[in-house]
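Scroll down for the structure; my scribbles are underneath it.
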Amino acid sequence: MNDRIRVPEVRLVGPEGEQVGIVSIGEALRLAQDSELDLVEVAPMARPPVAKLMDYGKFKYESAQKAREARRNQALTVIKEMRLRLKIDPHDYETKKGHVERFLKGGDKVKITVMFRGREQSRPEMGYRLLQRLAADVSELGVVESNPKQDGRNMVMVIAPHKGAQTAQEKRRPKNEQAEEQAPSA
């Protein structure tokens, strides 16, 4: 920026984005002072480097605003985990299925793990069937993102909510923010 630019000449771009041409650094600095703007190097690796006449403080503020807006609009992905055993009681299965449904309704992904112990490890197809049954039971709320796969003593599957589901981030927003958006402005 300004006096810190250490090259003999630059390709100068005006404040409105118009091409001025290749000028010496002294001439570029003089043009910047005359228009009460800063000379900012925007492409230092180009030959010759590209510099632009702009208000640097305003540029920094606007880029910080854009970065803040991008962070605010970024979706935060939360993965909840549900662990099952191969010999699960029907009532326990229903309870776990209810938790999975609640997570999917909240807009969170769910990682379902079936844990094998002892002789159960010789029957991975039973774990596969259990995961497929759970996926079929919650199919109206979510879709299988990664199919069941064996991972050591465990079998893992990930279910993601349908696109239309309310995201977890929207649910966690304060109520007054949601009311402001829905209220008509007078």
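Output the number of residues of the stretch 1-42 satisfying the condition of being hydroxyl-bearing (Ser, Thr, Tyr) and over 14 Å from Met54 (Cβ atoms).
Of the residues in that region, 1 qualify.
Among the candidates Asp92, Asp38, Asp34, single out the residue that is free of Cβ contacts under 8 Å to residues at least 12 places away in the same chain and either in contact with a Pro (Cβ under 6 Å, 6 or more places away or on another chain) or surrounded by 11 or more Cβ atoms within 10 Å (Cβ to Cβ) (or both).
Just a single option satisfies the conditions, and that option is Asp92.
List, please: which pairs have Cβ atoms under 7 Å, are six or more places apart or on different chains, and start with a residue in the stretch 100-128 that is within 11 Å of Pro161 (Cα to Cα) and open to solvent by 20 Å² or more (accessible area, probe 1.4 Å) and end with one that is assigned to a helix (DSSP H, G or I) and small (Gly, Ala, Ser)?
Hits for this filter: Gly107/Ala168.
Within the stretch 41-75, restricting attention to residues that are of a type in the set (A, V, I, L, M) and surrounded by fewer than 10 Cβ atoms within 10 Å (Cβ to Cβ), which residue is farthest from the chain's Cα centre (by Cα)?
That would be Met45.
When the residues of the stretch 127-163 are narrowed to those that are among the small types (Gly, Ala, Ser) and in a strand (DSSP E or B), which ends up nearest to the chain's Cα centre (by Cα)?
The residue in question is Ala160.
The values are calculated or read from the model by the stated rules, or taken from the named source; none is laboratory data. All of these numbers come straight from a predicted model, not from anything done at the bench. With ideal geometry, Cβ positions are generated from the backbone for all residues, glycine too; neighbour counts draw on all protein chains shown. Each accessible area value is taken on the protein alone, full model and side chains, heavy atoms only, with ligands, DNA and RNA left out. Shrake-Rupley method; radii C 1.70, N 1.55, O 1.52, S 1.80 Å.
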